[in-house]
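Visitor: Encoded as structure tokens, here's the structure I'll be asking about.
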Amino acid sequence: MSTAWIRPSGARPCTLVVCRGCCCGNPRKHPGIDHQWQLERLLAAATGSGGRLAVRTSDCLGPCGQANIVVIQPSSDGRRRGGRSTWIGWAMDDDCTDDILAWVAAGGPGVAEPPATLELQFVRPPSAARVRARR
């Protein structure tokens, strides 16, 4: 008789969900912002993180008046420590991108405190996202 071992799934990394819908990442609505460069920086950080960071893009996430939106989802460890997804608005300049990358490098939600300057850009997720998060 063989025994099947159930292995725990791999630890989920801290994940950045970068909105690239109707307003976010749109050079016509936000001229002078190099949206592609920002995404390339985030992807490069994920590649160099050894699996501790993942980046994905999404269509419109919601609060378009606060574009660009980046959602930072906690790692498995961060979630166990009480971390929840954090929505960042107006995430367009290098300083904001630096703050996001510094926070996730330190562990992200639930593991490390966010930079104070980044906290000023926290936004409330749309009501549909809050309902999904309670499930």
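Visitor: Show me the helices of the chain, taken as full DSSP H stretches, that run 27 Å or more along their long axis by Cα and average 0.5 or above in Kyte-Doolittle hydropathy.
Guide: none
Visitor: Quick one, can you get me the convex hull of the C-alpha atoms of segment 57-130 expressed as volume per residue in Å³?
Guide: Taking only Cα atoms, segment 57-130 has a hull volume of 93 Å³ per residue.
Visitor: Sticking with this structure for a sec: For every helix of n ≥ 4 consecutive DSSP H residues, a contribution of -39,500 (n - 2.57) applies; sum these over the chain, divide by its total residues, and give [θ] at 222 nm rounded to the nearest 500 deg cm²/dmol.
Guide: Roughly -8500 deg cm²/dmol at 222 nm, from the helical runs in the chain.
Visitor: Let me ask you something else. Quick one: work out the % antiparallel among DSSP beta bridges in the chain, nearest 5.
Guide: Beta bridges within the chain, antiparallel portion: roughly 55 percent.
Visitor: Now a separate question. For segment 82-123, what does the alpha-carbon gyration tensor say about shape, rounded, prolate or oblate, given a ≥ b ≥ c as the root eigenvalues, a/c under 1.5 as rounded, and a/b over b/c as prolate?
Guide: oblate
Visitor: Related question: Can you pull the percent of the chain's accessible area that's carbon plus sulfur, 1.4 Å probe, other chains left in place?
Guide: Result for the chain: 53 percent of the exposed heavy-atom area is carbon or sulfur.
Visitor: How big, in percent, is the set of alpha carbon pairs in the chain lying more than 20 Å apart?
Guide: It works out to 46 percent of all Cα pairs.
Visitor: What is the sum of charges, Lys and Arg at +1 and Asp and Glu at -1, for the other residues whose Cβ falls under 15 Å from the Cβ of Gly107?
Guide: +3
Visitor: Rounded to the nearest 20 debye, what is the charge dipole size of the chain about its Cα centre when +1 sits on each Lys and Arg Cβ and -1 on each Asp and Glu Cβ?
Guide: It works out to roughly 920 debye.
Visitor: Looking at Ala116, Gly89, Leu61, which one has the Cα that reaches farthest to the positive end of the dipole of the chain (charges on Cβ: Lys, Arg +1; Asp, Glu -1)?
Guide: Leu61
Visitor: A further question follows. I'd like the accessible area for His30: 1.4 Å probe, protein heavy atoms, all chains in place, Å² to the nearest 10.
Guide: 40 Å²
The values are calculated or read from the model by the stated rules, or taken from the named source; none is laboratory data. Since we're looking at a predicted model, the values are computed, not measured. Note that each Cβ is placed from the backbone with ideal geometry, even for glycine, and that neighbours are counted across all protein chains shown. Side chains included, ligands, DNA and RNA excluded: accessible areas come from the protein's heavy atoms. Shrake-Rupley method; radii C 1.70, N 1.55, O 1.52, S 1.80 Å.
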